[in-house]
Amino acid sequence: MKKILIGIIMLILAAAVFFAQRTLPGIMKNLAVKELDEILNTEAEIDDLKVSLWRGIISFSGVRIKNPPGFNEKYFLTVENGFVDISLFALLSKKVDVEEIVLYRPRLNIEINGISRSNAPLVFKKTPPSVAGTAKKTKMQTHLKKIVIQDG
């Protein structure tokens, strides 16, 4: 009887992990785009986002942040692909330890338009509402160890 119960529990756990691996990337992609849209004065797009629960890695491709109106280039920032490596053990102690952020082929377009205004300050809001609110509510510490830019 114990073997059957253990088998059923293992099957339920396997199904839960399978379900999480299938649904979590879509949920996280929508959440990331929503958060970026709140922080920025413009729109963000992400083509693909994948999550490795076992390794704590979030990989992404096709990240684009649109330029504000009145500038020549369509995008202020594009990143072909990259990943974020997060320490899962730190999350248990209410810390976000980002081991590494790697960006492949990022392209940043800083422009001055016809009325001598730069696009850079126009992209970011002065006080991001969700970031400030989130920090107060959760009181999570965030540490970033390394940022790598390749072919940029």
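Give the range 22-60 a look and list any residue that's in contact with a helix residue (DSSP H, G or I) (Cβ under 7 Å, 6 or more places away or on another chain) and not in a strand (DSSP E or B), or say none. Scanning the range 22-60 gives GLU35, GLU38, ILE39, ASN41, THR42, GLU43, LEU53, GLY56.
Would the range 117-136 turn up any residue that is at pLDDT below 95, surrounded by fewer than 12 Cβ atoms within 10 Å (Cβ to Cβ) and farther than 23 Å from LEU31 by Cα? Looking for residues that are at pLDDT below 95, surrounded by fewer than 12 Cβ atoms within 10 Å (Cβ to Cβ) and farther than 23 Å from LEU31 by Cα, one finds at least one in the range 117-136, hence yes. Between LYS94, LYS74, which is among the basic types (Lys, Arg) and in contact with a helix residue (DSSP H, G or I) (Cβ under 9 Å, 6 or more places away or on another chain)? Result: LYS94 is the single residue among LYS94, LYS74 that is among the basic types (Lys, Arg) and in contact with a helix residue (DSSP H, G or I) (Cβ under 9 Å, 6 or more places away or on another chain).
Selection within the range 107-116: residues that are over 22 Å from ASP151 (Cα atoms) and aliphatic (A, V, I, L, M). The member of this set that is surrounded by the most Cβ atoms within 10 Å (Cβ to Cβ) is ILE112. Pairing residues of the range 97-121 that are free of Cβ contacts under 8 Å to residues at least 12 places away in the same chain with residues that are surrounded by fewer than 15 Cβ atoms within 10 Å (Cβ to Cβ) and of a type in the set (Val, Ile, Thr), at Cβ distances under 9 Å and at least 6 apart in sequence or on separate chains, gives SER118/ILE110; SER118/ILE112. Residue pairs whose Cβ atoms lie under 8 Å apart, sitting 6 or more positions apart in sequence or on different chains, and linking a residue in the range 32-53 that is over 20 Å from GLU80 (Cβ atoms) and among the polar types (S, T, N, Q) to a partner that is modelled with pLDDT of 85 or more and surrounded by 16 or more Cβ atoms within 10 Å (Cβ to Cβ), are ASN41/PRO68; ASN41/LEU122; ASN41/VAL123. Just one of the numbered conditions (1) modelled with pLDDT under 85; (2) under 15 Å from the mean Cα position of the chain (by Cα) is not true of GLU99: (1).
Of LEU53, LEU13, all but one fail to be exposed (fewer than 13 other Cβ atoms within 10 Å of the Cβ), touching a Leu at 6+ places or on another chain (Cβ under 8 Å) and farther than 30 Å from ILE115 by Cα; the exception is LEU53.
The values are calculated or read from the model by the stated rules, or taken from the named source; none is laboratory data. Please read all numbers here as calculations on a predicted model, not as lab measurements. Note: ideal-geometry Cβ built from the backbone for every residue, glycine included; neighbour counts use all protein chains shown.
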